[in-house]
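Everything below concerns the one structure shown next.
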Amino acid sequence: MFERPPPGEKAVLVHLAFPKTDYDADRREFIDLARSAGAEVKAVIGGRRQRPDAGLYIGTGKADEVAGAARAGGAELAVFNHDLSPSQERNLEKRIQCRVLDRTGLILHIFAQRARSHEGKLQVELAQLQHLSTRLVRGWTHLERQRGGGIGMTGPGETQLELDRRLIGRRIATLQKRLDLVRSRREQNRRARAKSQMSTVSLVGYTNAGKSTLLNRLTEAGVLAENRLFATLDPRTRRLQLPGGETVLVSDTVGFIRKLPHGLVEAFRSTLEEVAEADLLLHVVDASAPDPDAQIAAVHAVLDEIGARDIPELVVFNKADVAPPEAKALGGAHPGSVTISAATGDGVDGLLRALSDRLRALARVVELLVPFDRGDVVAAVHREGEVLVEAHEEAGTRIRARLGEAGASRFREFVVAS
């Protein structure tokens, strides 16, 4: 039985280029991910291959190069910007003689550092255990200690590996039950928000694009906003009053990256359902990024996976204060987009007007007949929708207005045609 090397923070990073991959963009993101995890990067090993090696993923020669770099730098960890099979991970640890972590494991580690809410911690632990359950070798006896007791726990002939698998399976089942309860409460909260009949807007975007900074700018939410990947995982929902007087709900979500692990998408599905049920997406893009169009494509890929790609979106190019020419060029290349600086507030007034216009454009035209003694309803229709025709008749005020689904539902008792 192979005993895994101890973990550490001094790391050698390994990133290979395969056909049809963006080597430079993937490499930059990978280094940022490693540093966000707290790794002390000692070396970055690159190379090109047509296809992964079945046994070591990177081949024997490259594995020996990684081992030499790890020894030279005193590294305790080799981090791969690729998903490794359990056998590849074990083979690499034997050959390199240091702990090996693949891309999914690295992202899970970052998520574990960032999760603050009860739900977030449950989601991350579930994803970690599901990922690691296929990679059991040794060094998992801490799970037995967590469970407590030991007498009568192991059956005749049961190995430590079998016991570890059984303990992990039980823990996964417990986490899933707890998450089911949390998801049930989240669904109740969604239904309550739906009854409030306010339109919902979700902030989406590549990690570190400035979504939390924008939410703070718009709503004074006080959300943690730092210049690092996945600075915050836990969603926040706040009220926002638009220039026309209508109030909407704005939610921040976890940032996306290229090839976001499927297990994380599944674990965070209840959180991401907030995105899938929004009326409009504010897609925040870092205008100063080296390849913003690639980041837009990565966000669209995740939206596809969670069934939110067909939701209307308003693209917002952020950080115009950092890269003014690039932001202007991107705005010109993407008609209907908005260019802002969430940090300074420049362009935010224009964003609010564009947001209000887009929500109105998504609205449907309805005809209402409002009694004369319900002036409050007439005022609310003017505030929340776009009044196209207003006429006073014997039975009351007849209004033809463009309203969102929430508004149309709120005033349904006065609707006579739609």
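Of K42/K94; K62/K94; K121/K319, which pairs sit farther than 23 Å apart, going by alpha carbon to alpha carbon?
On the way: K42/K94 20 Å; K62/K94 14 Å; K121/K319 31 Å.
Violating the 23 Å limit, Cα to Cα: K121/K319.
Within the range 351-418, list the GluC sites (Glu not before Pro) lying in a DSSP loop whose Cβ has at most 14 other Cβ atoms in a 10 Å radius. Provide the component values of the computation, followed by the final result.
Details: sites: E367, E384, E386, E390, E393, E394, E405, E413; in loops: E394.
Sites meeting the loop and neighbour criteria: E394.
Only bridges whose two residues both fall in the range 10-101 count here: according to DSSP, what percent of them are antiparallel, nearest 5?
Details: 1 of 16 bridges.
If I count the DSSP bridges inside the range 10-101, around 5 percent turn out antiparallel.
With r defined as the distance between the Cβ atoms of H262 and L388 and R0 fixed at 60 Å, what FRET efficiency is calculated, to the nearest 0.05? Please report the intermediate quantities before stating the final value.
Numbers: r = 46 Å, r/R0 = 0.77.
In this case the efficiency is close to 0.80.
What number comes out for the charge environment of R103, summing +1 per Lys or Arg and -1 per Asp or Glu over other residues with Cβ under 11 Å away? Working shown, then result.
On the way: positive: R258, K259; negative: D26, E29, D83, D102.
Around R103, the charge tally is -2.
Full-extension gain between Q50 and Q113, please, as 0.36 nm times their residue separation minus the C-alpha to C-alpha distance. It would help to have the intermediate numbers written out before the result.
Details: separation 63, 0.36 × 63 = 22.68 nm, distance 3.47 nm.
Full extension of this stretch gives 19.2 nm more.
Charges at C-beta only: +1 for Lys and Arg, -1 for Asp and Glu. How large is the resulting dipole of the range 1-141 about its Cα centre, in Debye rounded to 20?
Details: 22 positive and 18 negative charges, 35 e Å.
Using Cβ point charges on Lys, Arg, Asp and Glu, the range 1-141 gives about 160 debye.
Which whole-angstrom value gives the distance between the alpha carbon centres of the range 265-312 and the range 350-418?
Centre-to-centre (Cα) distance: 31 Å.
Full-extension gain between L181 and R35, please, as 0.36 nm times their residue separation minus the C-alpha to C-alpha distance.
49.1 nm
As an exercise, use a Förster radius of 25 Å and the Cβ-Cβ distance of D310 and A333 to find the FRET efficiency, rounded to the nearest 0.05. Write out the running numbers ahead of the final one.
On the way: r = 23 Å, r/R0 = 0.91.
Rounded to the nearest 0.05, the efficiency is 0.65.
Taking 0.36 nm per residue of separation and subtracting the Cα-Cα distance, what length does fully extending R400 through D22 add?
Working: separation 378, 0.36 × 378 = 136.08 nm, distance 5.22 nm.
Result: 130.9 nm gained on full extension.
Can you list the residues, at least 5 places off or on another chain, whose amide H is less than 5 Å from the amide H of E40, using H built in the peptide plane?
Under 5 Å from the amide H of E40: K10, A11.
Enumerate the amide H contacts of G59 below 5 Å, restricted to partners 5 or more residues apart or on another chain; note that Pro and chain-start residues carry no placed amide H.
Here D53 satisfy the definition.
To the nearest 20 debye, what is the magnitude of the charge dipole of the range 353-415 about its Cα centre, counting +1 on the Cβ of each Lys and Arg and -1 on the Cβ of each Asp and Glu?
Numbers: 11 positive and 11 negative charges, 76 e Å.
Using Cβ point charges on Lys, Arg, Asp and Glu, the range 353-415 gives about 360 debye.
So what J values fall out for the range 381-398 if you push phi through Karplus, 6.51 cos²θ - 1.76 cosθ + 1.60 with θ = phi - 60°, rounded to Hz, Gly and Pro as x?
5, 4, 6, 9, x, 10, 7, 8, 9, 9, 9, 9, 10, 4, 7, x, 8, 8
Could you give the nm distance between label points at K121 and V365, where each point is 7 Å from its Cα heading toward the beta carbon?
If labels sit at K121 and V365, their model points lie 5.5 nm apart.
FYI, it's all coordinate maths here, none of it is from the lab. Note that the structure is a prediction, hence the values are computed from the model and not measured. Positions of Cβ are backbone-derived with ideal geometry, glycine not excepted, and every protein chain shown enters the neighbour counts.
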